Amino acid sequence: MEPGPERDEWLMAQVAFGRADLLEPLVRRHATGLLTFLTRMIGDHHRAEELFQEVFLTVWLKRRQYEHPRPFRPWLYTIALNRCRAVFRLRTLAPSALGNHEPLSTFRSPEEQVITAEQADHVNRAITHLPPQQRAVVVLRVWQQLPYARIAEIVGCTEGTVRSHMHHALATLRTLLEPIIQAQFAPDS
């Protein structure tokens, strides 16, 4: 039986009362999305795995601060974003490490697969050049498919500011990617 939308909140409320055994279903349920978010934010899959563990350790340590029936997912991603911000304060990102961890379609030719992987690499590198707040908005909107209102909760600003960050981030990405796109479609001399 598939759990309803209230299930995460109920589980977290039980965890807040000290039920450590109920943290595992939350970890399993949010593992893929959260790890993808952390990897895209940090740019290093191995460091993202470490941060993933730190995020759920923080969930456990701050379990009594969770306010039921507050939505669990934005609360979780707020903790994750704060962990990323701590990393940003300590170092600069390596732009080459984002990687695309999604499998390439088997219906594409090898040439198409290489081109798709190369394009994804260009996009991922461009994303690492965005300021952390804009990067967070883009990752939460595009890859996590969260609505602007939820993103505003997570990043701690108004929905209008989130939309502004998205607008500026897309303009920056367009500027960074335009020369690459033009080079790919330029006629051979």
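Some values worked out for this structure:
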| item | result |
| --- | --- |
| Any hit, the range 171-188, residues being of a type outside the set (Lys, Arg), closer than 30 Å to Pro71 by Cα and either at pLDDT 90 or above or in a helix (DSSP H, G or I) (or both) | no |
| Subset of the range 10-29 (residues that are of a type outside the set (Gly, Ala, Ser) and either in contact with a Lys or Arg (Cβ under 7 Å, 6 or more places away or on another chain) or not assigned by TED's automatic domain parsing to the domain that holds Leu57 (or both)) | Val15 |
| Residue list for the range 160-179, restricted to those being surrounded by fewer than 15 Cβ atoms within 10 Å (Cβ to Cβ) and under 20 Å from Arg85 (Cα atoms) | Ser164 |
| Neighbours by Cβ (under 6 Å, 6+ apart or cross-chain): first from the range 66-82, among the hydroxyl-bearing types (Ser, Thr, Tyr) and crowded, with 20+ Cβ neighbours inside 10 Å; second modelled with pLDDT under 90 and assigned to a helix (DSSP H, G or I) | Tyr77/Ile154 |
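Yes/no matrix, rows are residues, columns are (1) over 24 Å from Asp121 (Cα atoms); (2) out of contact with any Asp or Glu (no Cβ under 8 Å at 6 or more places or on another chain); (3) basic (Lys, Arg):
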| position | (1), (2), (3) |
| --- | --- |
| His46 | no, yes, no |
| Phe52 | no, yes, no |
| Thr58 | yes, yes, no |
| Phe72 | yes, no, no |
| Arg83 | yes, no, yes |
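The values are calculated or read from the model by the stated rules, or taken from the named source; none is laboratory data. On a predicted model such as this, the values are computed, not experimentally measured, just so you know. For neighbour counting, all protein chains shown are included, and Cβ atoms are generated from backbone atoms with ideal geometry for every residue, glycine included.
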